[in-house]
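Here's the structure, in structure tokens; my notes come after.
Throughout, read-outs are computed from the coordinates displayed, never taken from laboratory work. None of the values given here were measured: they were computed from a predicted structure. Cβ sites come from the backbone with ideal geometry, for glycine too, and all protein chains shown count toward neighbours.
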Amino acid sequence: MGFPFANENRDSLSRLEALFTSLGDHDFAKRTSFGWTVSAVIAHLGYWDQRMLIILRRWQERGLDASPVDADAVNDAMRPLCEAIEPRKAVQLCLASAAELNAAFEALSSEEYEHIRSHAEQTGTQFRMNRSLHRDDHLAHLQAALVAA
């Protein structure tokens, strides 16, 4: 069967790469409609893919658990940290995390995928394996900020 979101995740990573390679140093300081800098949004994307990767590995090693998260609190707490990361480093971290997570998802067996999907659904755990949803949402914000400024 293969991982059901492989193409979407790969395509979203390609869109991130294309946008990030087009950015000049001045672009990273531009602000989105919700006040974050372009660079901070890139770091934010890297964090959330990295979180998913860590949880996936932990689940594979120790078994599934609830892994609760208050996304709003995490985002609010992380904003100053994301804004403090050097922009090109944020790009590297974001792309590396996305690529590693994509590969980890694609390596899942059909049984592992179904077990995780079912667990997340039953427990209400926020574990979005279609990463393109999050990536593309923020890509739209980034593109709007770059055009508006």
Open item on the list: Which of Glu106, Glu121, Glu61 ends up with the largest GNM mean-square fluctuation for the chain, with Cα atoms connected below 10 Å?
Closed with: Glu61
- [ ] Would you mind ranking Val41, Val69 so that the residue whose beta carbon has the fewest other beta carbons within 10 Å leads the list?
- [x] Val69, Val41
TODO: Would you mind working out the magnitude of the charge dipole of the chain relative to its Cα centre, with +1 at each Lys and Arg C-beta and -1 at each Asp and Glu C-beta, to the nearest 20 Debye?
DONE: 280
Task: Listed candidates (1) 35; (2) 30; (3) 21 - label of the one calculated as percent of Cα pairs over 28 Å apart - done: (3)
Open item on the list: Cut-off is 10 Å between beta-carbons; in what order do Met78, Met52 appear when sorted fewest neighbours first?
Closed with: Met78, Met52
TODO: Per DSSP H run of at least 4 residues, take -39500 (n - 2.57); add these up for the chain, divide by its residues and hand me the 222 nm value, nearest 500 deg cm²/dmol.
DONE: -24500 deg cm²/dmol
